[in-house]
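The values are calculated or read from the model by the stated rules, or taken from the named source; none is laboratory data. All figures in this text were calculated on a predicted structure; none of them were measured in a lab. Here Cβ is always computed from backbone atoms with ideal geometry, including for glycine, and neighbour counts include all displayed protein chains.
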Amino acid sequence: MEIKQNYSLEKHNTFRLPVKARWFLEYDTEEDIVTALRDEYFMECYKIHIGAGSNLLFLNDFNGIILHSRIKDITVISENEESVCLKVGSGVIWDELVQYAVSHGWGGIENLSHIPGEVGAAAIQNIGAYGVEVKDVIDSVEGYHIPTLEKQVFSKAECQYAYRSSIFKTEYADQYIIAYVNIRLSKKPLFSLSYGNLKDELAKYPEISLQTIRDAIIAIRSKKLPDPEQIGNAGSFFMNPVVTEEEFQELKNKFPDIPSYPASDNKVKVPAAWLIEQCGFKGQAYGQAGVYDKQALVLVNLGNADGNEIALLADIIIQTVEVRFGIRLRPEVKYIC
């Protein structure tokens, strides 16, 4: 376990904002978690847990303690002819886990290739891409209740997963530290290829396999999303809004070209990027914050933006889209004050 004071978070948030944390604590074991939480001083501190910071927007320096996992082990806990169940440390880099699974011929998360972040945060956020969400493979989540220090194992049902949401973002927000995520992968995978332009990209490859699906998705994402090492960003800043069939038909009557995707419960998902682009924001700069010129869903730090500048741009976009389309966008990125 390692504790640092007045620690720069520039490498721990993908917007590359030069904010600082009063305390930064990294732990390597479950025992470290309990030890840290029992400390009388830290018990009184405002605290949050972060992964790779790929879904965060810091508005100011953080006057409290930030915890970060270095639990990085991957263990096979059960397997049969059909599937394998892995116990994965919360600090494992998500895309490294995807590569690990693909290299072993285990399917289920190949469509989630090249998504930044760590495994613990992925389970909290319910990351998704190309028709797949991480909830599709989760068996259970192991976490520690910050107020009581008690360990609890949450089944998939208890996690209450929904679109970019879980109980750890709603009822239990900032109440649990995730130590391990148990995921079940298939030894006889069924490919999910119908979403977006994945089929078109796969046509460039001689065969369809876990590896070529991963390669194709990496190629697609690399073309339309900026590398945080080059341009500060948090990927998709907004969630795609979900509307009823009736609401969508009204939108379709007014805007015949509006695209859509089916959602659960007879609802329709509308691409937020299309709404933003129609409002003229794509490629525009507002001070040191901007909208990426290849993907309107991505807000970028053009060099020296602060969190409030990015938040202001997001608010302008939200208000403009709502006035034009009657749809209020919701940030996927979490604001940290």
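Being crowded, with 16+ Cβ neighbours inside 10 Å, among the charged types (D, E, K, R), in contact (Cβ under 8 Å) with a residue 24 or more places away in the chain and not assigned by TED's automatic domain parsing to the domain that holds residue 309 is not true of residue 95.
Which of the residues that make up the stretch 166-197 are in contact with a strand residue (DSSP E or B) (Cβ under 7 Å, 6 or more places away or on another chain), surrounded by fewer than 19 Cβ atoms within 10 Å (Cβ to Cβ) and part of a loop (DSSP other than H, G, I, E, B)?
174, 175, 187, 192, listed by residue number.
Residue under question is residue 71, and the condition is that it be hydrophobic (A, V, I, L, M, F, W, C), closer than 30 Å to residue 337 by Cβ and in a strand (DSSP E or B); does it hold?
Details: hydrophobic (A, V, I, L, M, F, W, C): yes; closer than 30 Å to residue 337 by Cβ: yes; in a strand (DSSP E or B): no.
No: the conditions fail for residue 71.
The residues of the stretch 133-176 that are of a type in the set (D, E, K, R) and over 30 Å from residue 110 (Cβ atoms), listed by number, are 150, 151, 171, 174. Residues in the stretch 292-316 that are among the β-branched types (Val, Ile, Thr) and out of contact with any Leu (no Cβ under 7 Å at 6 or more places or on another chain) were compared, and the one that is nearest to residue 220 (Cα to Cα) is 300.
Here residue 60 meets each of (1) within 24 Å of residue 147 (Cβ to Cβ); (2) more than 17 Å from the chain's Cα centre (by Cα); (3) in a loop (DSSP other than H, G, I, E, B); (4) not charged (D, E, K, R) with one exception, condition (1).
Residue pairs whose Cβ atoms lie under 9 Å apart, separated by 6 or more positions or on different chains, with the first residue in the stretch 145-160 and modelled with pLDDT of 95 or more and the second in a helix (DSSP H, G or I) and not β-branched (Val, Ile, Thr), are 151/30; 152/158; 156/135; 159/123; 159/135. The listed residues are 69, 78, and the only one of them that is of a type outside the set (A, V, I, L, M, F, W, C) and surrounded by 15 or more Cβ atoms within 10 Å (Cβ to Cβ) turns out to be 69. The residue list 179, 173, 203, 162 contains one member that is of a type in the set (Gly, Ala, Ser) and over 20 Å from the mean Cα position of the chain (by Cα), which is 203.
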